[in-house]
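Notes for the one structure printed next.
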Amino acid sequence: MARAVVLLSGGMDSATTLALALRDGFECHALTIRYGQKNTRELECAALVARVLGAASHRFAEVDLAVPGASALTDLLIPVPRRGPDEPTGLGIPPTYVPARNAVLLCVALSYAEVLGALDLFLGINAVDFSGYPDCRPTFLEAFETMANLATRLGVEGRRFRVHAPLIRMSKSEIVRTALVLGVDLGLTLSCYDPGPGGRPCGACDACRIRARGFREAGVSDPALGGESERKA
């Protein structure tokens, strides 16, 4: 059985990605990165998702992206933007962008994969219903895969790394439907950038709004909201 490293954040997309990799027969080693995010509840969700879905292992790694700061997800002085139900998302790259985050996380996953002898890396990024982050685009993944095969011993020896982003061209509603078909309990996941006490989703950040729209368009309620997804969207 081929081994894979799956980046697992605790959100809906990465949980669905893990389920897809397991369905496709990979021995999945989940990796969650503590990168200095203010929302630590998602780390607990990642551990639960890895256990429930049946990852072969689950490890945490530390990378402090709070040092450069400049992101609402890591900098205590920058608030997470919240918008009303009908308020349009702002233009340009939002303040929740963490500089070079996916490049850094993939590098950690690549290092771990080389040690495991795993040639397949999975992550749950999406370029359809997303916040406009530059490191969620197919061109970024293609460039990273090229780099991975130039910068590693296994790559130089002729064993090719592959970077998989199975959700990258899906709408959020398609992701919801895929998760349900695979039997993923989306009530275990957290997508919110700024959850309240007990991990309750705020319902007003971009991540909550995109997730709510996905559930609404899929015609089902979000179990993480106790059936409130249609009212929050």
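Just so you know, all these numbers are worked out from the coordinates, no wet-lab data involved. Note that the structure is predicted; figures quoted are calculated from it, not measured. FYI the Cβ positions are ideal-geometry reconstructions off the backbone, even for glycines, and counts take in every protein chain you see.
Charges were assigned to the Cβ only: +1 to each Lys and Arg, -1 to each Asp and Glu. The resulting dipole of region 3-183 about its Cα centre is roughly 200 debye.
Mean separation of Cα pairs under 8 Å and 6+ residues apart, divided by the residue count of the chain: what relative contact order is that in percent? Write out the running numbers ahead of the final one.
Values: 443 pairs, mean separation 52.1, N = 233.
The value is 22 percent.
Between VAL104, ALA127, SER221, the Cα set farthest toward the positive side of the dipole of the chain (charges on each charged residue's Cβ, about the Cα centre) is that of SER221.
When CYS136, CYS107 are sorted by how many other C-beta atoms sit within 10 angstrom of their C-beta, beginning with the fewest, the order is CYS107, CYS136.
Please state, to two decimals, what the Cα-based radius of gyration of region 3-98 comes to when divided by 2.2 N^0.38 Å (N = residues).
Numbers: Rg = 15.6 Å, N = 96, 2.2 N^0.38 = 12.5 Å.
Cα-based Rg divided by the globular estimate yields 1.25.
With the simple model of a label 7 Å out from the Cα in the direction of the Cβ, VAL67 to ALA151 spans 1.6 nm.
With semi-axes defined as the square roots of five times the eigenvalues of the C-alpha gyration tensor, the equivalent ellipsoid of the chain measures 28, 20, 16 Å, largest first. Name the most mobile residue of LEU31, LEU182, LEU190, meaning the one with the largest mean-square fluctuation, in a Gaussian network model of the chain with Cα contacts below 10 Å. In the Gaussian network model the winner is LEU182.
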